[in-house]
Amino acid sequence: MRLNQKIALVTGSAGGIGSATARRFAREGATVILADRDFDGCRRVLDGIVAEGGAGTAHAADLTDETQVVALFSAIREKYGRLDILVNVAGGDAEPSATVEGIDVELMSRNFDMNLKSCILCCREATKIMKPQAYGRIVNMSSLVYRGSPGQFSYAASKGGIFSFTRSIAMALGASSITANALAPAIIGVEAFPRALGEERWKAMAEATAARYPLGRIGTPEDVASAALFLASDEASFITGQVLEISGGARL
């Protein structure tokens, strides 16, 4: 098993990508720490992991709140004494269809907080644990729209910020044997889309999108989890500061 005896924190683990990543890591031998504002969702994911023979803990945490982030990592240090892997999945888009002249300051701030601020805070606290142990794997969630996206201005900016931040910490932490990489998925089939758009509209959007992708389908949470697993494993020990696009060939 590629993550045998590793301690791994997955944020946003009540959602589609986060839960798939936590389950995949557990199957590969990691003890998984699940963190999300949706504690009941975390518990359901953890119950499934335990039922399959895995182990871990679930934590309620609003990762845009510095106090809660610090408390989460303090709990990890107290219980486990170390942290080998951090996967920052938590995030979202509060303003998915704006015009340039209509950008809302409050929604823009929410996007920066949910995506970029939460990532930076978790990386900061993880580094305090990883540097003394001279080992760590950090995987941050960017998005294919880090390249730019009309209508998703603040979201794209936050995801571009994650890419540049990831490269910066890769430069700073390499001497401590800590790697930092980012994932950049295209559209992934998660429950949030049909919930937000309705089943019919989501189905039409997914089919139209799949037709544009060279591989002819949209991505699954498991596609992203597999990429996260590779970057979190020692198979990727000489890869750092990179963004891996999980896109089915979109925007080639």
Compute the separation of the alpha-carbon centres of segment 116-135 and segment 144-217 and state it in Å as a whole number.
22
List nothing, just return the count: lysine pairs in the chain, 8 or more apart or interchain, with Cα separation under 24 Å.
9
Quick check: residue separation of Glu191 and Phe238 times 0.36 nm, minus the Cα distance between them. What number comes out in nm?
13.5 nm
Here the gain from full extension of Glu200 to Ser164, 0.36 nm per residue of separation minus their alpha-carbon distance, amounts to 9.3 nm
Given labels modelled 7 Å from the Cα in the Cβ direction, how far is it in nm from Leu252 to Arg82?
4.2
Point-charge dipole on Cβ atoms (K/R +1, D/E -1) for the chain, about Cα centre, debye to 20
700
As I understand it, the dipole of the chain uses +1 on the Cβ of Lys and Arg and -1 on the Cβ of Asp and Glu, about the Cα centre. Which of Ala172, Gly48, Tyr146 lies farthest toward its positive end?
Ala172
Kindly state, to the nearest 0.05, the FRET efficiency for Ala71 paired with Leu107, given R0 = 22 Å and r defined as their beta-carbon distance.
0.20
Over the chain, calculate the relative contact order: mean separation of alpha carbon pairs under 8 Å at least 6 apart, over the residue count, as a percent.
19
Can you tell me the mean projection area, over all orientations, of the convex hull of the chain's alpha carbons? Units nm², please.
13.3
With r as the distance between the Cβ atoms of Arg147 and Ala55 and R0 = 41 Å, compute the FRET efficiency 1/(1 + (r/R0)^6) and round to 0.05.
0.60
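Quick note: the coordinates plus some simple rules give every number you see, no bench work behind them. From a predicted model like this one, the values you see are computed outputs, not experimental measurements. Every residue, glycine as well, gets a Cβ built from its backbone with ideal geometry; the counts of neighbours run over all protein chains shown.
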